[in-house]
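Working notes, structure below.
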Amino acid sequence: MRTTGALGGLLTGIVGILVPSARRYDWGISGTTSRPAGNSIRVEVTSSAGVTPLGTATPAANGTWRVTVSNSSIAPSSNPGATARSAFGTVRTSPVVAQ
């Protein structure tokens, strides 16, 4: 669930299954960056349909960022992961935990 790297050391991913029978999901991907000023973080996840863009976050002044998508039809793959791409070119990948 965690990976270290130049994005500030931490990328965490959690996907909560909201209503499995209705195939609706809550995604929450967060992390930190050591370069928050002028940065944006684009997050993609591995879904049942392949690599899927989830959203973009602007880091807070302290470097923390979060992408949250609620009640989504984006279903996780059997081994879900998240990739965070910094506007400055850093890329980090982490497994995602289904809860």
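Could you run the Karplus curve 6.51 cos²θ - 1.76 cosθ + 1.60 with θ = phi - 60° over the stretch 28-39 and give me ³J(HN,Hα) per residue in whole Hz, x for Gly and Pro?
For the stretch 28-39, the Karplus curve yields x, 10, 9, x, 9, 9, 7, 10, x, 5, x, 9 Hz.
Taking the Cα atoms of the stretch 11-98 alone, what are Rg (to one decimal) and Dmax (as a whole number) in Å?
Radius of gyration, then largest Cα-Cα span, for the stretch 11-98: 12.8, 42 Å.
What does a probe at residue 22 reach in the stretch 54-77, counting residues whose amide N is under 17 Å from the point 7 Å along Cα→Cβ?
Hits in the stretch 54-77 for residue 22 at 17 Å: 69-76.
Return the long-range amide H neighbours of residue 88 (sequence gap of 5 or more, or a different chain), with a cut-off of under 5 Å between placed amide H atoms.
40
Return the long-range amide H neighbours of residue 55 (sequence gap of 5 or more, or a different chain), with a cut-off of under 5 Å between placed amide H atoms.
43
Would you kindly derive the ³J(HN,Hα) couplings of the stretch 56-70 from the backbone phi angles with the Karplus curve 6.51 cos²θ - 1.76 cosθ + 1.60 (θ = phi - 60°), listing them in order in whole Hz, with x for Gly and Pro?
10, 10, 9, x, 5, 4, 7, x, 7, 8, 7, 10, 10, 10, 10
Need one number: nm distance between label points at residue 37 and residue 51, each 7 Å from Cα along Cα→Cβ, rounded to one decimal.
Using points 7 Å along Cα→Cβ, the separation is 3.1 nm.
Values quoted throughout were computed directly from the atomic coordinates according to the rules given, and no laboratory measurement underlies them. Computed from a predicted structure; not experimentally measured. Counting neighbours? That spans all protein chains shown, and the Cβs are built from the backbone with ideal geometry, glycine included.
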